[in-house]
Structures are given as C-alpha cells and as structure tokens.
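> Got a structure for you, written out below as structure tokens; questions coming shortly.
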C-alpha cells in the first residue's frame with residue numbers, strides 16, 4: 001500500500017489524474033484505446049487467417065502483424081502504466097483490475113507461439129496446423145475477454 | 001471551440017431529411033431501369049447509390065433529434081407530433097440500414113462472381129421499397145410538425161408507447177445494457193480497424209506479392225465490426241440523445257464516419273485492384289492517398305468518440 005501511495009503522489013501521476021489539460025488523462029486514455037484497436041485488430045486479422053479466412057494468402061505475408069503488435073503493445077504498456085499510476089491506490093487494490101491484467105497477459109502470451117509458427121513457416125505455406133488453429137481461437141476469445149474486462153472496469157471499480 | 005448550436009443543426013436536418021426519400025426514388029429508379037434493360041453495370045450503380053443513402057440516413061436521423069430539442073416547447077409545436085415523426089423515422093432508418101447492408105453484400109459478392117446475384121438484387125430492391133414507404137410516412141408526419149393546418153394524425157399518444165422511449169428506457173435503466181453495448185462497440189471497432197489496416201497496408205505497399213483479390217474475403221469481417229458498431233452506436237444515441245446532440249466532437253465523429261464509410265464502399269467496388277489475382281497490381285498515388293485518408297478517418301472517428309466526455313461536453 002505504501003508503494004501505491006508513493007506512486008500516486010509522483011508529480012507525473014498527479015498531472016495525469018488532476019490536470020484539466022486535454023493532454024493529460026483524456027489523451028492518455030484515447031491513445032490507450034487507439035493502441036487497443038491496432039493491437040486487437042492486427043492480431044484478429046492474423047487469427048482469422050489461421051482459422052481459414054483468405055486461405056489463398058501464404059502465412060509469411062502476415063509478418064507485418066507482429067510489428068504492428070509490438071508498436072501498439074509498447075504504446076499500451078506506457079499509457080497503461082500512466083493510467084495505473086494516476087490512481088494507483090484504486091487500481092492496485094481492485095480485484096477486477098487484476099483479472100483484466102491477467103487476461104491481457106494471457107492474450108499477449110498466445111501471440112508468442114503464433115509468432116514462432118508464422119515466422120518459421122515456409123514462404124509459400126498456406127496450410128495451418130490444428131495446434132495453430134487452436135491457438136488462434138484462444139487468442140480471439142482472450143482478446144474479447146480482455147476488452148470486456150477492461151471496459152467493465154469503468155463500471156465496477158471506477159464507476 | 002464554437003458552440004455546435006451556432007451552426008444550426010435544425011437547418012442541417014432540413015437539408016439531409018430529403019436524402020432518405022428522394023435518394024430512395026433515385027436508387028429505385030436506377031434499379032428498375034437496370035432490370036428492364038438487363039443492364040448489369042447499372043444494377044451495381046443502383047446498389048452503390050443505395051449504400052450511400054443508407055450512410056447519409058444516419059446523420060439525417062441524428063440532426064432530427066437535435067432539431068427536436070430546438071423546437072420543443074415552442075408555441076404551435078406539438079411534442080407528440082415530433083415524437084411520432086421521430087419514431088417512424090427510426091423504423092425507416094432501421095429498414096434503410098437493412099437495405100444498405102443487403103446492397104453491400106450484393107456488391108461484395110458481385111466482385112467474386114463477376115455479376116450481381118439476381119436474388120440479392122431483388123431482396124435489396126424490396127428492402128429499399130419498404131424503407132421508402134416508411135420514410136415517406138415519416139416525411140409526411142414531419143410536415144405535420146410545423147403545419148398543424150394540414151390536420152396532423154398525432155393527437156395524444158402516451159410518450160412511453162414510442163419505440164425510442166422504450167429503447168431509451170432499457171438503455172438508461174438496465175444495469176447491463178449500456179456496459180454490454182460499450183464492450184461490443186470496442187470489439188467491433190477493433191475488428192473493423194484490423195481488417196482495414198490489412199487492406200490499406202497492402203495498398204501502401206506491404207504484402208506486395210499477395211494478390212489484392214486474396215484480401216477480398218476479409219472485407220465481410222470489417223463489415224461485421226461496422227454493423228456491430230452501427231447498432232450499438234445507435235442504441236447509445238437513441239438511449240441518451242441529449243448527451244450527443246450538442247456535442248461538437250460527436251458531429252465530427254459522424255463526419256469522419258461518413259468519410260470512412262464512403263471509403264469502405266470505394267474499397268468494395270475497387271475494380272482494378274480486385275481484378276488482380278496474380279499480385280501484379282501496384283497502387284497509384286491516388287489509391288495511396290485514399291488509403292491514408294481511410295486510416296486517418298477511422299483514427300479520427302475513434303479519437304472523437306473517446307474524447308466525447310472530455311471535449312466541449314461532459315457526460
């Protein structure tokens with residue numbers, strides 16, 4: 001608790017939380033949402049491909065997805081940490097917040113074996129193993145659950 | 001930021017409210033002539049016009065809600081007459097979106113088959129006919145608002161009887177309706193954004209060896225996200241119109257959505273690109289500009305939406 005109080009009292013945290021500036025909480029929150037759109041959007045497109053949509057495209061053509069994921073994940077890590085710091089004592093003690101974080105980590109974790117699979121695929125490979133299909137299904141479900149948990153925080157914890 | 005009411009939204013409504021009726025007549029005319037002449041190209045044009053009208057029906061409805069707030073309480077204006085007009089317009093809007101959706105499905109499938117499927121064109125035309133009939137009734141009732149001498153049909157109807165009131169009641173009072181719709185809205189936006197990211201990146205030069213036509217199967221998933229967000233977005237608007245009608249970022253959001261929607265139509269009927277089945281097609285400067293405009297419009301719509309509670313108007 002002492003750590004959370006300290007985090008929340010840092011000048012940066014106070015600025016994000018209390019500044020009336022449009023660049024404070026509103027912009028941080030909006031960047032977090034934009035990051036979500038790119039992150040979930042790009043990984044969903046790859047998941048759809050693995051599940052059999054646009055079957056004629058070789059898997060190796062989707063390498064760009066991991067660059068988009070890396071950039072948006074970095075944006076959301078930074079903005080997410082800022083949003084956490086701004087109200088550390090609230091988020092740090094809320095069980096629903098822990099659920100959201102676990103779901104985000106689980107969703108991002110599914111991308112690691114998917115990444116290995118796609119990067120190691122033959123340049124012309126179009127067939128998808130059943131294990132990769134299973135991972136894609138878990139990935140889509142996990143992102144949907146993470147978004148749900150995140151959105152509901154506004155009603156359960158910060159409501 | 002200048003107040004949104006300073007450029008009078010009621011006037012914008014008087015301009016846009018002609019689109020669903022007069023536009024429908026135009027689209028119907030094109031489709032009927034296309035059937036008589038057996039002109040496949042003209043059928044596609046009729047369907048494209050239909051899709052554009054379905055898009056513009058959104059701001060037509062929304063500016064109407066703004067006009068309602070301006071007019072209410074004024075002498076000689078019947079609240080019930082406005083609500084009746086609004087309710088029929090809401091039904092008309094729903095039919096029009098169904099028609100626009102069917103037109104899109106027909107256009108998308110026509111790209112795969114080389115020509116529009118007869119059954120789908122007939123279904124789209126039939127839905128358009130129904131929308132036109134309901135919209136004509138809405139337009140008629142709209143005329144009654146300012147012209148009581150025409151003998152309006154409104155009389156006295158219990159406010160709670162209207163569809164808009166019922167939707168609003170559920171959205172405001174149910175503990176889960178608003179949060180659930182918001183969650184679906186976020187999932188829908190991610191889906192649409194992801195699909196358009198893939199297609200626009202291909203236009204901008206990524207995945208160059210992938211034939212453009214191979215990406216075609218992704219489009220319906222973008223449309224699915226768009227549809228989820230149209231429905232949930234409309235539930236928010238009908239649920240709490242006052243939160244939006246005097247909010248500047250909201251109208252900017254609708255403007256960006258219209259641009260993004262027009263771009264989606266353009267992508268659907270992107271003939272020279274979709275004809276590429278061997279990966280030989282490269283985008284021209286104009287195509288690339290279009291891709292940048294598309295990505296910008298979606299990000300701007302998202303920005304305006306997320307900023308709604310912070311710019312100009314607090315929830």
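The values are calculated or read from the model by the stated rules, or taken from the named source; none is laboratory data. For clarity, every value in this text was computed on a predicted model and none was experimentally measured. Every residue, glycine as well, gets a Cβ built from its backbone with ideal geometry; the counts of neighbours run over all protein chains shown.
> Against the definition (surrounded by fewer than 21 Cβ atoms within 10 Å (Cβ to Cβ) and modelled with pLDDT of 95 or more), how does residue A:39 come out, yes or no? Show your work before the answer.
Working: surrounded by fewer than 21 Cβ atoms within 10 Å (Cβ to Cβ): no; modelled with pLDDT of 95 or more: yes.
So residue A:39 does not fit the description; no.
> Which residue pairs have Cβ atoms under 7 Å apart, sit 6 or more places apart or on different chains, and have a first residue in region B:110-137 that is in the same structural domain as residue B:42 (by TED's automatic domain parsing) and a second that is buried (at least 16 other Cβ atoms within 10 Å of the Cβ) and not in a helix (DSSP H, G or I)?
From region B:110-137, the pairs are B:110/B:116.
> How many residues are touching a helix residue (DSSP H, G or I) at 6+ places or on another chain (Cβ under 8 Å) and modelled with pLDDT of 95 or more if we restrict to region B:109-134?
12
> Considering region A:138-159 alone, what residues qualify as being assigned to a helix (DSSP H, G or I), surrounded by fewer than 14 Cβ atoms within 10 Å (Cβ to Cβ) and in contact (Cβ under 8 Å) with a residue 12 or more places away in the chain?
none
> Kindly indicate whether any position in region A:105-118 is within 17 Å of residue A:143 (Cα to Cα), out of contact with any strand residue (DSSP E or B) (no Cβ under 7 Å at 6 or more places or on another chain), within 11 Å of another protein chain (Cβ to nearest Cβ) and crowded, with 19+ Cβ neighbours inside 10 Å.
no
> Oh, and also: Which of the following residues is at negative phi, more than 19 Å from the chain's Cα centre (by Cα) and either away from every other protein chain (no Cβ under 14 Å) or buried (at least 19 other Cβ atoms within 10 Å of the Cβ) (or both): A:56, A:13?
Details: A:56 fails: either away from every other protein chain (no Cβ under 14 Å) or buried (at least 19 other Cβ atoms within 10 Å of the Cβ) (or both).
Selected residue: A:13, the only one of A:56, A:13 that is at negative phi, more than 19 Å from the chain's Cα centre (by Cα) and either away from every other protein chain (no Cβ under 14 Å) or buried (at least 19 other Cβ atoms within 10 Å of the Cβ) (or both).
> Name every residue in region B:182-208 that is over 20 Å from residue A:140 (Cβ atoms) and more than 7 Å from chain A (Cβ to nearest Cβ), in order of residue number.
Listed by number, the residues that qualify are B:200, B:202, B:203, B:204, B:205, B:208.
> Can residue A:102 be described as without any contact (Cβ under 8 Å) to a residue 24 or more places away in the chain and farther than 26 Å from residue B:195 by Cβ?
Yes: the conditions hold for residue A:102.
> Sticking with this one: Return yes or no: is residue B:231 within 12 Å of another protein chain (Cβ to nearest Cβ) and either closer than 21 Å to residue A:26 by Cα or modelled with pLDDT of 95 or more (or both)?
Against the criterion (within 12 Å of another protein chain (Cβ to nearest Cβ) and either closer than 21 Å to residue A:26 by Cα or modelled with pLDDT of 95 or more (or both)), residue B:231 does not qualify.
> I'd like the full set of residues that are within 16 Å of residue B:204 (Cβ to Cβ), more than 8 Å from chain B (Cβ to nearest Cβ) and crowded, with 18+ Cβ neighbours inside 10 Å, limited to region A:63-75.
A:65
> What tally of residues in region A:46-88 results from selecting those that are free of Cβ contacts under 8 Å to residues at least 24 places away in the same chain and part of a loop (DSSP other than H, G, I, E, B)?
2
> Quickly run through region A:132-159 and pick out the residues that are more than 14 Å from chain B (Cβ to nearest Cβ) and in contact with a helix residue (DSSP H, G or I) (Cβ under 8 Å, 6 or more places away or on another chain).
A:132, A:133, A:135, A:137, A:138
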